[in-house]
Amino acid sequence: MASSTTTKEIDRELPPLLRVYKDGTVERFLGSSYVPPSPQDPDTGVSSKDIVISENPLISARLYLPKLENHHQKLPILVYFHGGAFCLESAFSFLHQRYLNIIASQAKVLVASIEYRLAPEHPLPAAYEDGWYALNWISSNKSEPWLMNHGDFNRFYIGGDTSGANIAHYALLRVDQLPNQVKISGAVLAFPLFWSSKPILNEPVEGHEESSAMQVWKFVYPGAPGGIDNPLINPLAPGAASLKELGCPKILIFVAGKDELRDRGIWYCDAVKKSGWNGDVELIEVEGEEHCFQIYHPQTHNSNNMISRIASFLV
């Protein structure tokens, strides 16, 4: 007897993250559920709402506003790019909602968390294009009430985790193109996603070709010129913009001791220091922790320390 169910045919997959079927549907195995914004988060008192930045392509953001001391209070602005290997997670996910409520509350900052298009439905460089468009829109916005009434554009920061930190890095190389002469006050790069064809520092030579970062990049940007040595994933690749051009006065980098990307963050930090860039860069290693631990477990001792350090940076 023939089966009454039809098994969809797999086109390609990126274990353990997602699978693409030949009918074009995408099945994601990781990532947290979407949650609505909150008029007032019961744990932090932070208010959040969603805004549309562009209809075509669709780019949106979730804004976070902490409790105000008065109706005229101005706050630093943090434009945040979420992580997820360019293919998972969302500005509207439970994990990032919870994390950014804490950041907004403890740092007393107005956060704009950007919802950019994901691969494989939208292969790279779509995420970079959306991130840059959103950053321009926020920099020049004169109509969004929270930004205009409570955002201090003289204290304007960007940042993100893993692939989001990668997007923030490349935005730093273009800040001279931002409207209204907006300056970036600093950048927070947590566990930045960089890679290259050659292992560096203490990365093992064996298995380098099969590394998670290598597989992710091939999947999310299959036609990347230069492959894994494209300047978007390898900031020291031939033809990459000089790190001397990073457009902010200070950068805070986090790495985790048990993270595959640990050495890449150290490598990037060292390269920035040697580039001739005229700014202050600080590297903080959290020993014994996994990749993006503060997103998954924001209430632990190490997460609290990390969030406190971010808060003291966003002044």
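The values are calculated or read from the model by the stated rules, or taken from the named source; none is laboratory data. For clarity, every value in this text was computed on a predicted model and none was experimentally measured. FYI the Cβ positions are ideal-geometry reconstructions off the backbone, even for glycines, and counts take in every protein chain you see. Protein only, heavy atoms only, side chains kept; ligands, DNA and RNA dropped before computing areas. Shrake-Rupley method; radii C 1.70, N 1.55, O 1.52, S 1.80 Å.
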When G239 is evaluated against the numbered criteria (1) under 17 Å from Y170 (Cβ atoms); (2) surrounded by fewer than 20 Cβ atoms within 10 Å (Cβ to Cβ); (3) touching a residue at least 24 places away in the same chain (Cβ under 8 Å), which criterion, by number, is the only one it fails?
(3)
Would you mind telling me which numbered condition in (1) loosely packed, with under 11 Cβ neighbours inside 10 Å; (2) at pLDDT 95 or above; (3) within 19 Å of the chain's Cα centre (by Cα) P42 fails?
(3)
Could you list, in sequence order, the residues of the range 276-315 that are out of contact with any strand residue (DSSP E or B) (no Cβ under 8 Å at 6 or more places or on another chain), part of a loop (DSSP other than H, G, I, E, B) and crowded, with 17+ Cβ neighbours inside 10 Å?
W277, P298
Just wondering, is there one or more residues in the range 246-266 that are at negative phi, surrounded by fewer than 16 Cβ atoms within 10 Å (Cβ to Cβ) and touching a Lys or Arg at 6+ places or on another chain (Cβ under 9 Å)?
yes
Take the range 137-181 and flag every residue that is loosely packed, with under 14 Cβ neighbours inside 10 Å and part of a helix (DSSP H, G or I).
S140, P145, M148, D176, Q177, P179, N180, Q181
All but one of (1) out of contact with any Asp or Glu (no Cβ under 7 Å at 6 or more places or on another chain); (2) open to solvent by 20 Å² or more (accessible area, probe 1.4 Å) hold for V111, so report the exception by its number.
(2)
Give the residue, chosen from S197, S140, S90, that is modelled with pLDDT under 95 and in contact with a helix residue (DSSP H, G or I) (Cβ under 8 Å, 6 or more places away or on another chain).
S140
